[in-house]
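The values are calculated or read from the model by the stated rules, or taken from the named source; none is laboratory data. Please read all numbers here as calculations on a predicted model, not as lab measurements. All Cβ positions, even for glycine, are placed from backbone atoms using ideal geometry, and neighbour counts span all protein chains on display.
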Amino acid sequence: MGSEMINRNCPVCGSVSHAPFLQKGQLALVKCAECGMVFVNPVPRDLGDGTFYDEKGSRFYLSDEKLKGDYSPVRYEREIKLLRRFCKRGKILDVGCSTGGFLFYLNQTFPGDYEIWGTDVAREALAFAKTKGVNVIDENFFDLKGRQFDAITFWAVLEHLLDPQSFLKAAKELLHPDGFCIVLVPNFKSLATRMLGSKYRYILPQHLNYFTNQTVGALAQRAGFHVVHRSTMHFNPIVIWQDLRAKGTEVSDEERAALLAKTNAMKQSKALGGARAVYRFSETLLRRFGFADNLIAVLKPR
Ligand SMILES: [Zn+2]
């Protein structure tokens with residue numbers, strides 16, 4: 001790191017008033033005195049302006065482990081099912097699409113039903129997405145005026161952004177009035193966060209915002225949406241097990257990607273019949289109580 005630091009107001013309500021919440025190495029999380037949002041402050045400039053992700057380029061996004069994780073039929077199973085529930089056909093834009101795994105499998109699952117578009121600050125990842133049949137938008141997200149989409153998705157993106165509200169507002173401008181915006185962010189009230197606290201691997205420098213059901217709803221409201229559906233999804237017991245035993249040292253991007261690839265493989269393995277049933281049952285239970293790893297909010301323009 002060592003780059004210049006940016007000071008932030010609350011990314012949800014704009015308040016300047018916040019108090020220290022959690023310290024993990026160099027990473028300082030604060031809590032907004034007005035709305036309770038937890039966010040990183042200050043933030044190194046390269047993490048705030050997207051250059052960090054563009055520079056990671058092929059080294060990370062195009063590594064074997066990362067691609068194996070993103071290009072697995074089970075990786076986006078739940079996301080595809082969710083999108084399908086709200087949008088049966090039309091033009092889809094995936095913001096922060098990386099190498100295009102979600103859009104690729106959406107098209108494979110429902111050939112001909114969707115026109116798939118992706119955009120990302122990581123240009124090498126985006127170039128790969130193009131080779132997989134994704135229509136890529138290689139422009140600044142804020143310069144896309146005049147286009148219109150039936151659904152816009154943000155899968156694990158808003159937690160990385162310095163100003164997530166400006167992205168949701170821009171998405172609203174690009175959305176058909178009857179369209180949907182679907183947001184997935186890590187759940188700061190998940191079982192894993194509750195059990196692990198600062199030892200949780202997903203409290204990491206790239207995650208600038210730590211949302212709860214309440215704060216993601218407040219963000220959507222301020223950006224001009226109302227929330228039509230909320231849920232939680234995904235659960236990885238191996239992450240909890242590993243992080244409980246670890247000393248809270250940083251888990252590298254490569255290690256996280258390798259574990260996701262392995263977990264995807266396990267989810268598909270026939271040999272793990274019994275264990276898979278237990279896993280599915282635990283995820284169902286956690287989802288029911290809102291404790292799964294990720295929060296989902298489906299938004300409609302107001
Ligand atoms: Zn606030």
Test: residue in region 69-82 that is more than 22 Å from ASP138 (Cβ to Cβ), assigned to a helix (DSSP H, G or I) and touching a Gly at 6+ places or on another chain (Cβ under 9 Å): yes
Breaking point among (1) under 27 Å from MET5 (Cα atoms); (2) at pLDDT 95 or above; (3) in contact with a Leu (Cβ under 7 Å, 6 or more places away or on another chain), for ASP163: (3)
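Mind checking whether some residue in region 197-215 is part of a helix (DSSP H, G or I), surrounded by 17 or more Cβ atoms within 10 Å (Cβ to Cβ) and either free of Cβ contacts under 8 Å to residues at least 60 places away in the same chain or away from the ligand (no atom under 16 Å from the Cβ) (or both)?
To start, the set of residues in region 197-215 that are part of a helix (DSSP H, G or I) comprises 197-199, 213-215.
Subset that is surrounded by 17 or more Cβ atoms within 10 Å (Cβ to Cβ): 199, 213, 215.
Those still in the list that are either free of Cβ contacts under 8 Å to residues at least 60 places away in the same chain or away from the ligand (no atom under 16 Å from the Cβ) (or both) too: 199.
There is at least one residue in region 197-215 that is part of a helix (DSSP H, G or I), surrounded by 17 or more Cβ atoms within 10 Å (Cβ to Cβ) and either free of Cβ contacts under 8 Å to residues at least 60 places away in the same chain or away from the ligand (no atom under 16 Å from the Cβ) (or both).
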Some residue of region 254-273 being at pLDDT 80 or above, surrounded by 15 or more Cβ atoms within 10 Å (Cβ to Cβ), within 16 Å of the chain's Cα centre (by Cα) and more than 23 Å from PHE167 (Cβ to Cβ): yes
Residue match in region 26-36 (condition: on the phi > 0 side of the Ramachandran plot and modelled with pLDDT of 95 or more): yes
Strands (runs of 3 or more DSSP E) completely within region 103-189 that count 3 or more residues being touching a helix residue (DSSP H, G or I) at 6+ places or on another chain (Cβ under 8 Å) and surrounded by 23 or more Cβ atoms within 10 Å (Cβ to Cβ): 149-155, 175-186
Output for region 255-286, where each listed residue is more than 22 Å from GLY101 (Cβ to Cβ) and either touching a strand residue (DSSP E or B) at 6+ places or on another chain (Cβ under 7 Å) or of a type outside the set (D, E, K, R) (or both): ALA271, LEU272, GLY273, GLY274, ALA275, ALA277, VAL278, PHE281, SER282, THR284, LEU285, LEU286
Qualifying positions in region 216-228 - over 17 Å from the mean Cα position of the chain (by Cα) and not polar (S, T, N, Q): ALA218, ARG222, ALA223, GLY224, PHE225, HIS226, VAL227, VAL228
Which listed residue is crowded, with 17+ Cβ neighbours inside 10 Å and more than 19 Å from GLU4 (Cα to Cα), from VAL74, VAL43, VAL38: VAL38
Set LYS88, LYS81: member being within 30 Å of ASP178 (Cβ to Cβ), away from the ligand (no atom under 16 Å from the Cβ) and either free of Cβ contacts under 8 Å to residues at least 24 places away in the same chain or crowded, with 18+ Cβ neighbours inside 10 Å (or both): LYS81
Positions within region 1-59 being near the ligand (Cβ under 9 Å from one of its atoms) and either assigned to a helix (DSSP H, G or I) or among the hydrophobic types (A, V, I, L, M, F, W, C) (or both), in sequence order: CYS10, VAL12, CYS13, CYS32, ALA33, CYS35, MET37, PHE39
